[in-house]
Amino acid sequence: MTPRPLRDGCMLALAAAVAWLAPVPGAAQEGGGGGNPPTKAELSAPTPKMADGKPDLSGRWGGGANFGGGEALKRFDAQGNYHNLRNDRKASPVNQERDAGMTQRFFSNVPMYKPEYWDKVDYNDVNGNVEDSNFHCYPAGIPRMGPPQKIMATPTEIVFLYQQKNTWRYIPLNREHDPVNSRDQTYMGDSVGKWEGDTLVIDVVGFNDQKWLGWPGYFHTNKLRVVERLRRQGNILYYQATAHDPDVLMQPWEMDQRVIRLNTNPMVQVEDPPCVETDGANMYTKERG
């Protein structure tokens, strides 16, 4: 099979055909809501502080008109007119998932694998319905899950809540990795955090190799290390993650930054229904998108 970088080169003709499409900064790998950029009022709102003087990241984040994520299908043409590749196909929605898949394969921020591993990425891509653990009730894991939906913070520990299979993370601050948990290979890994100025830096190790960095097929080994960075400015949260896996990646992969609004809706945290595997046996194809 031809190495992926060479095949990607063959896509130059396709890229030329859509050269009028300029990507909006901040496209996300796993989707998310599009929306207006942060307002001056949101950025200038007082940033709450914890007892130790560090920014308080506590709150419900997202769930409304977010931005800096899910914009991979949205483009401006040379005249400044706004387009959405998915919606521009008015005849039929049948290609919607394939449109998203194409942008993630060829127009997104893609992890750069060593040449000998592109065949495995291709295999995972073609067999995504079978190989993608997140497609079968398992956690998406870090960094694929992206930023949390809710944060509860104190000067000594932070808890992340996700509305994705009711997942949560406990992150102690200013301590070393647990000697047992950091060696126990799991979907979420072992997290420890520290402050660098006003940025929370979270170091995560101890992963299994069953999950992916992202769809389509971006696998990793159990040597993966992820560094997450979160910063609050007013009512805006900035989230960025970098994946380090020198066994298979040519260089660390920096995910596109996510920018999220504080959600002031009084609605309480909604619990996901239990994930029940019912569709796997009825699928006609192993291919996703």
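The values are calculated or read from the model by the stated rules, or taken from the named source; none is laboratory data. The shown structure was predicted, so the numbers you read here are calculated from the model rather than taken from an experiment. Reconstructed Cβ throughout: ideal geometry from the backbone, glycine too, with neighbour counts over all protein chains shown.
One residue stands out among those in the range 118-155 that are under 17 Å from VAL204 (Cα atoms) and not aliphatic (A, V, I, L, M): the one that is modelled with the lowest pLDDT, which is PRO139. Applying a threshold of 6 Å to beta carbon distances and a minimum spacing of six or more residues, or different chains, the list of pairs starting in the range 132-160 at a residue that is touching a residue at least 24 places away in the same chain (Cβ under 8 Å) and ending at one that is surrounded by fewer than 16 Cβ atoms within 10 Å (Cβ to Cβ) and of a type in the set (Val, Ile, Thr) reads MET152/VAL159.
Residues checked against (1) at pLDDT 95 or above; (2) surrounded by 14 or more Cβ atoms within 10 Å (Cβ to Cβ); (3) part of a loop (DSSP other than H, G, I, E, B):
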position	(1), (2), (3)
ASP178	no, yes, yes
TRP195	yes, yes, no
ASP203	yes, yes, no
VAL227	yes, yes, no
TYR238	yes, yes, no
ALA243	yes, yes, no
ASP247	yes, no, yes
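Across the range 187-214, what is the number of residues that are in contact with a helix residue (DSSP H, G or I) (Cβ under 7 Å, 6 or more places away or on another chain) and under 11 Å from ARG229 (Cα atoms)? Adding up the residues that qualify gives 0.
Here's the yes/no breakdown for (1) more than 16 Å from the chain's Cα centre (by Cα); (2) buried (at least 18 other Cβ atoms within 10 Å of the Cβ):
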{"site": "ASN124", "(1), (2)": "yes, yes"}
{"site": "GLY128", "(1), (2)": "yes, yes"}
{"site": "GLY141", "(1), (2)": "no, yes"}
{"site": "PRO148", "(1), (2)": "no, yes"}
{"site": "ARG183", "(1), (2)": "yes, no"}
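When the range 161-212 is filtered for residues that are of a type in the set (Asp, Glu) and in contact (Cβ under 8 Å) with a residue 60 or more places away in the chain, only ASP198 remains. Examine the range 182-192 for a residue that is more than 26 Å from GLU271 (Cβ to Cβ), modelled with pLDDT of 95 or more, outside any loop (DSSP other than H, G, I, E, B) and basic (Lys, Arg), and state whether such a residue exists. No, there is no match, as no residue in the range 182-192 is more than 26 Å from GLU271 (Cβ to Cβ), modelled with pLDDT of 95 or more, outside any loop (DSSP other than H, G, I, E, B) and basic (Lys, Arg).
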